[in-house]
Each structure stands twice: as structure tokens, then as C-alpha cells.
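Below you'll find the structure, written out as C-alpha cells, and then a few comments.
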């Protein structure tokens, strides 16, 4: 049986921390979008990742920073978000 677990910089994530399958999908889409370009505006992320709330976007960015150590920052120079390092956000399909 294949077990999938999320691995954070702290060695694992408690699912009660708000990691529904919908949130995992959003986080993957957000990281993929940030990885695909040098920078992207908030509106660009909202559109491309189909966010309906800027609060949800900010919450997801904060979660990636705090739990997985992602280095995401907003640059006033380019008026967009920049991903310097995705941190330790991986899906581990190995058995444990």
C-alpha cells in the first residue's frame, strides 16, 4: 500500500494544521506558478491559481514560509512576488 505523507522542514505535518486535499492542490499550484517565472503580481497569482480571496493567498504564502521554509517575498521594485527557495515542500510517496 502506498502511503503519501507531506514532509516539512520539521519532519512532518499534522493534517489538523489545515492541509486538506484542496489546500495541497492550491499550494502546489502556487509554488508551480512562482517557480515558472522570475516574479508575478498578486493579481497574476489570483488569476492564474484561481484564488477567490487575497486572504487565502496570504495565508498560503505564510504557511509555505513558516512550515516549509519557503523563501517567498514581495518586491516593491517589480511589484510582485519572488520565489527565492521553495523550501522543503515535497510529497513523499515512500512507505513509513
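Of the residues 71, 88, the one with the fewest other Cβ atoms within 10 Å heads the list, and the complete ranking is 71, 88.
This ranking places 78, 67 by how few other beta-carbon atoms lie within 10 Å of each, fewest first, which gives 78, 67. As a proxy for reagent exposure, 29, 22 were ordered by neighbouring Cβ count within 10 angstrom, fewest first; the result is 22, 29. Each label point was placed 7 Å from the Cα along the Cα-to-Cβ direction; for residue 55 and residue 37 their separation is 2.7 nm.
Values quoted throughout were computed directly from the atomic coordinates according to the rules given, and no laboratory measurement underlies them. The structure displayed is predicted, hence computed values, not measured ones. So basically every Cβ, Gly included, is an ideal-geometry build from the backbone, and we count neighbours across all protein chains shown.
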